[in-house]
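Participant: First the structure, then my questions, so here it is.
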Amino acid sequence: MSELFVEKYPEQARLIRLAFTASFIALGVGAVFGLLQALHRTDILRIVESPTYYTLLTGHGVFLVVTFTIFFLVGLYQWAVTDSLDRGPVDPRVTWTWYGLMSAGTIITAVTILAGFLGDPPEVLGSELSADVLFTFYAPLQANPLFYVGLVVFVVGTWLAGADWFRTWLAWSRDNPDERIPLPTFMVLTTMIMWYISSIGVAIAILAFILPWSLALTESLNPTLTRTLFWYFGHAFVYFWLLPAYLLWYIVLPKLSGGRLFSDPLARVVFILFVLLSTPVGIHHQYLDPGISEGFKFIAMTNTMFLLLPSLLTAFTVVASMEHGARQRGGEGTFNWLRALPWRDPAFTGMALAGIVFAFGGFTGIVNAGMNINYLVHNSVWIPGHIHTQVGTAVALTLMAGSYWLVPQLTGNRLVNRQAGLVQVVLWFLGIVFMTNSMYRAGLFGVPRRTAEPEYSFEYDIGVGSMAELNVQLALGGTLLFVSAMLFLGIMLLTAFNDDTEPLVDGTIPPALSGPEDSPPVLDNLRLWIAIALVLVVIAYIIPLASIVDRGGLFGPDIGPFPVFVQITDAIPTVFYSLGALIA
Amino acid sequence: MNIHTYERLWIVGAMVLIVGFIATITYGSVGLGITMIDDEEETLAPDEIGEDERFADPRVEQVGEDEYAAYVVAQTFVFQPDPIEIPADSEVTFYVTSRDVIHSFTVVGTNTNTMVIPGEVATMTVEFDEPGEYGVICNEYCGAGHHDMEGELTVVEAEEFDLTDLAVDAPDEVEPGEEVELTATVENGLLEEVETTLTVEIGEETIEEEVVVEGGTSEEITTSVDADDLGEGDHDWTVEVDDESDGGTVTVGTDDGGDES
């Protein structure tokens with residue numbers, strides 16, 4: 001058994017534990033909000049007024065898809081870089097700085113969201129402290145400026161984290177000039193390249209347009225432009241959630257199955273495809289937007305379809321690696337090898353179930369990507385069905401399963417109660433099956449997403465079953481997911497305090513069957529892939545953006561904020577007047 | 001690069017699948033003519049909606065034989081007009097814009113669905129085969145009352161569809177011995193001429209007049225009744241044509257304690 005990660009890199013282990021702690025706190029809060037939403041939407045239990053539902057919804061979105069996923073990502077990637085390069089960062093102060101920035105940004109944004117629960121929120125920076133704008137914050141809906149400030153600080157933290165990992169890698173390659181980039185580090189670096197290229201879009205949207213506008217420094221903005229910049233970032237954002245799960249499927253799952261990764265070269269190809277294709281597809285979120293011509297939508301559609309390729313390749317490699325592992329464990333026959341897999345291990349079973357759900361989410365994703373079929377499902381509850389199968393299960397369940405394997409190595413403590421872990425991952429799987437079955441079906445009949453009360457004065461024409469039955473399934477699924485999340489957090493908490501034990505885990509990652517020596521060196525030429533990605537982005541986006549600016553103007557056709565707040569510029573004279581009165 | 005034979009086959013299969021998907025969608029666009037919401041309309045600032053001839057008075061208009069235009073304004077948290085009435089089996093082009101934030105215009109149970117972005121005019125041409133009442137909702141979160149944003153789309157049989165408008169000019173008071181004159185202006189918004197019946201009820205009397213109104217014009221029809229036939233006091237009147245009606249009260253003689261205040 002190899003030396004434990006926590007013994008070899010105690011400071012790194014501490015940072016990763018803190019990142020996971022932030023991630024899991026967000027998971028807990030997000031799960032509570034999710035349960036309340038499931039019960040509110042279905043009108044089973046409404047403990048808040050319907051307008052407050054949107055505060056819950058904003059919190060659920062931001063805490064789960066920003067805080068939970070990305071804090072886990074930085075923890076996991078810190079582990080992956082450190083473990084695969086066998087060294088720590090060049091300057092640990094930088095590492096702690098990005099952790100500090102991400103935490104500060106999260107707290108600022110969280111305060112603005114949670115203030116929405118107050119009956120009479122205080123005025124901050126010239127407007128009410130609230131942010132009921134959901135995680136997509138489409139202008140001209142407007143949040144308190146601090147909401148955007150927090151997001152910017154958080155994202156700057158992630159940028160610095162990426163720079164830190166690049167620096168570690170460069171230092172390593174000076175010491176190992178002729179070696180290939182180890183696969184886990186390759187995955188980290190390519191993910192971050194994708195993140196840099198895409199997050200520049202949302203940075204421009206916030207810094208150039210939305211933040212100055214929320215501070216009343218500019219009067220107006222172009223909602224089509226800020227929305228398009230958001231989605232320029234938005235689909236790569238989705239892959240930013242997904243790629244940590246991919247890393248676990250490629251690096252850890254084959255080992256858990258008892259074998260080795262099938263192909264290192266194909267894994268590299270997959271991550272390069274994400275660098276190239278995850279950004280020039282964003283317009284597929286805007287198929288039904290006026291102000292963008294059909295041709296650009298068609299280009300986004302074809303690019304999106306080609307983005308299926310890396311996921312289909314992953315399906316092959318992961319299943320082939322599992323089969324290899326099963327045969328090493330004595331599995332035989334065409335399908336009988338499935339029995340030889342370690343189904344009692346929650347880390348393995350969680351990831352395998354997540355993979356099954358991911359396949360299903362892939363199919364529904366194809367439906368969404370189908371430009372003309374999108375009319376039927378756009379903004380229906382089918383879409384959160386898709387999101388919950390993908391980030392809500394393929395990602396979340398894989399991260400939880402990965403924690404069962406990783407956290408003992410980070411704490412030096414034995415995982416408490418593997419049986420409970422197994423129950424937890426199975427509960428999650430059942431919960432998501434019920435909840436998304438309801439969401440997908442209801443969506444096809446036109447039930448909308450993102451609403452406190454999806455039932456109106458007309459009746460939905462539910463083909464099979466009934467609205468009541470769909471509601472029960474949704475609430476049941478949401479409850480199971482909540483119970484599962486709490487069970488997970490309980491196991492993690494007990495493990496963190498499970499001192500005086502020895503972990504039963506082996507952290508070594510066996511080499512791939514077809515190793516890096518089989519892959520052409522060009523795959524590691526990151527500059528080349530960055531250049532091609534930028535060219536594709538320019539082709540897909542420069543003309544649509546130019547057209548949007550040309551039509552609506554950079555600052556839009558006179559669009560004011562909603563809700564209309566006391567403008568900061570109006571407030572300043574009042575403040576001076578009061579001060580003057582006070583002095584006099 | 002060393003790729004396993006099975007994996008090569010898998011890659012080829014995946015590419016065939018991807019190209020197949022693109023082909024089916026292309027067929028939907030080109031073969032079946034399912035076009036996407038586009039950028040064909042000029043931008044329109046929300047504070048210019050009041051001066052725009054399409055949206056100043058949100059309505060349904062006939063623009064050709066079996067062709068209609070519906071101008072719809074979405075705002076927190078209503079649609080205008082509401083209900084929207086259109087004929088079945090006709091091409092209806094919806095023009096939708098927003099007065100404030102981003103909304104959607106979504107006819108539940110159909111694929112009539114578009115985002116409505118302030119500053120932009122979304123257009124889509126659809127045809128409803130089935131007469132009936134459809135729910136219209138906003139499916140993009142638009143603020144605290146988002147879940148109350150609802151409208152109605154009524155699809156009527158093409159033969160029964162009209163764009164008739166009625167205005168009635170009637171006196172409030174008439175001296176005994178004079179005539180009570182009701183002047184009804186019947187406006188026909190359709191392009192074809194309309195033959196219909198105007199029904200006037202006043203006191204105990206009912207008068208029916210056949211009316212023919214050319215497309216895009218209006219006709220004035222005056223009916224009169226002897227005040228003496230009605231007798232002194234208050235008399236309710238109603239005028240009806242197609243689905244439109246108007247009503248009021250006329251007082252014969254001096255007002256001495258009637259319900260006018």
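FYI, it's all coordinate maths here, none of it is from the lab. All of these numbers come straight from a predicted model, not from anything done at the bench. Glycine also receives a Cβ, built like all others from the backbone with ideal geometry; neighbour counts cover every protein chain displayed.
Participant: Between the stretch A:221-242 and the stretch A:362-410, how far is it from one alpha carbon centroid to the other, in angstrom?
Facilitator: Rounded to whole Å, the Cα centres lie 17 Å apart.
Participant: With all distinct Cα pairs included, what does the Kirkwood hydrodynamic radius of the stretch A:184-228 come out to in Å, to one decimal, could you say?
Facilitator: Working: mean 1/r = 0.0834 Å⁻¹.
By the Kirkwood definition, the hydrodynamic radius is 12.0 Å.
Participant: From the alpha carbon gyration tensor of the stretch A:178-583, can you work out the equivalent ellipsoid semi-axes (sqrt of 5 times each eigenvalue) and give them in Å, largest to smallest?
Facilitator: Values: eigenvalues 327, 153, 123 Å².
The equivalent ellipsoid of the stretch A:178-583 has semi-axes of 40, 28, 25 Å.
Participant: Follow-up question, since we're still on this one. Averaged over its residues, how many other protein chain Cβ atoms are within 10 Å of peptide A:456-467's Cβ atoms? Please report the intermediate quantities before stating the final value.
Facilitator: Numbers: counts 10, 3, 9, 3, 3, 4, 1, 0, 0, 0, 0, 0.
Rounded to a whole number, the mean comes out at 3.
Participant: If you don't mind, there's one more thing I want to ask. Taking the square root of 5 times each eigenvalue of the Cα gyration tensor, what semi-axes in Å does the equivalent ellipsoid of the stretch A:289-376 have, largest first? Walk me through the intermediate numbers first.
Facilitator: Working: eigenvalues 290, 32, 18 Å².
Taking √(5λ) for each eigenvalue gives 38, 13, 9 Å, largest first.
Participant: Output the relative contact order of the stretch B:164-252, whole-number percent, from Cα pairs under 8 angstrom with separation of 6+ residues.
Facilitator: With pairs under 8 Å counted, the relative contact order is 36 percent.
Participant: Plugging the Kirkwood radius over Cα pairs into Stokes-Einstein for the stretch A:349-470, at a temperature of 20 °C and a viscosity of 1.002 mPa s, what D comes out in µm²/s? All intermediate terms of the calculation are to be shown ahead of the outcome.
Facilitator: On the way: Rh = 15.9 Å.
So the translational diffusion coefficient is about 135 µm²/s.
Participant: What would the Debye equation give as log₁₀ I(q)/I(0) for chain B at q = 0.13, 0.15, 0.17 Å⁻¹, counting only Cα atoms as equal point scatterers?
Facilitator: For chain B, the Cα-only Debye profile gives -0.96, -1.07, -1.20.
Participant: Taking just the alpha-carbon atoms of the protein assembly as shown, what radius of gyration and Dmax come out, in angstrom?
Facilitator: Values for the protein assembly as shown (Cα only, Rg and Dmax): 32.0, 116 Å.
Participant: Pairwise over distinct Cα atoms, reciprocal of the mean inverse distance: report the Kirkwood radius of the stretch B:164-252 in Å, one decimal place. Walk me through the intermediate numbers first.
Facilitator: Numbers: mean 1/r = 0.0748 Å⁻¹.
Evaluated over the stretch B:164-252, this radius sits at 13.4 Å.
Participant: Right, here's the next one. How long are the three semi-axes of the equivalent ellipsoid of the stretch B:29-155, in whole Å, if each is the root of 5 times an eigenvalue of the C-alpha gyration tensor, listed from largest down?
Facilitator: The three semi-axes for the stretch B:29-155 are 21, 17, 15 Å.
Participant: Looking at the calculated P(r) for the stretch A:261-309, what percent of the C-alpha pair distances fall above 14 Å?
Facilitator: Working: 639 of 1176 pairs.
Distances greater than 14 Å cover 54 percent of the Cα pairs.
Participant: Among A:P212, A:T168, A:S199, which residue has its Cα positioned farthest towards the positive end of the charge dipole of chain A, with +1 placed on the Cβ of Lys and Arg, -1 on the Cβ of Asp and Glu, and the dipole taken about the Cα centre?
Facilitator: So the residue furthest toward the plus end is A:T168.
Participant: Give the average, rounded to an integer, of partner chain Cβ atoms located within 10 angstrom of each Cβ in A:290-299.
Facilitator: Working: counts 19, 11, 7, 5, 7, 3, 2, 4, 5, 0.
Other-chain Cβ atoms within 10 Å of each residue's Cβ, averaged: 6.
Participant: Based on the alpha-carbon set only, what is the convex hull volume of the stretch B:60-120 divided per residue, in Å³? Before the final figure, lay out each step's value.
Facilitator: Values: hull volume 5.3 nm³, N = 61.
Per-residue hull volume (Cα only) is 86 Å³.
Participant: Also, I was wondering about something else. Ranking request for peptides A:76-87, A:356-367: highest mean number of other beta-carbon atoms within 10 Å first, then the rest in descending order. Let's see the in-between values first.
Facilitator: Working: A:76-87: 22.5, A:356-367: 18.2.
Most protected by this proxy first, the peptides run A:76-87, A:356-367.
Participant: Rounded to the nearest 20 debye, what is the charge dipole size of the stretch B:164-252 about its Cα centre when +1 sits on each Lys and Arg Cβ and -1 on each Asp and Glu Cβ? Numbers along the way, then the final one.
Facilitator: Working: 0 positive and 32 negative charges, 31 e Å.
Magnitude of the dipole: close to 160 debye.
Participant: Ok, one more. With chain B treated as a Gaussian network of Cα nodes joined by springs under 10 Å, which of B:T112, B:T26, B:T199 yields the largest mean-square fluctuation?
Facilitator: B:T26
Participant: If I take every Cα pair under 8 Å that is 6 or more residues apart in chain A, average their sequence separation and divide by the length, what percent do I get for the relative contact order?
Facilitator: Details: 919 pairs, mean separation 119.9, N = 584.
After rounding, I find 21 percent.
Participant: Calculate how large, on average over all directions, the projected area of the Cα convex hull of the stretch B:1-91 is; give the answer in nm² to one decimal. Mind dumping the intermediate values first?
Facilitator: On the way: hull surface 46.9 nm².
If I average the Cα hull's projected area over directions, I get 11.7 nm².
Participant: What is the average number of partner chain Cβ atoms found within 10 Å of a Cβ in B:12-23? Intermediate results must be reported in sequence, preceding the final value.
Facilitator: Values: counts 0, 2, 9, 4, 0, 5, 9, 3, 1, 9, 9, 0.
Shielding by partners across B:12-23 averages 4.
Participant: Could you give the DSSP H helices of chain A that reach 27 angstrom or more along their long axis (alpha carbon positions) and whose average Kyte-Doolittle hydropathy is no lower than -1.0? Spell out each step's value before the answer.
Facilitator: On the way: long enough: A:10-41 (45 Å, 0.87); A:92-114 (33 Å, 0.90); A:145-175 (46 Å, 0.78); A:183-204 (32 Å, 1.65); A:223-247 (36 Å, 0.76); A:308-328 (30 Å, 0.67); A:346-369 (33 Å, 1.45); A:418-444 (39 Å, 0.93); A:467-496 (43 Å, 1.72); A:526-552 (37 Å, 1.94).
Going by DSSP H runs, the hits are A:10-41, A:92-114, A:145-175, A:183-204, A:223-247, A:308-328, A:346-369, A:418-444, A:467-496, A:526-552.
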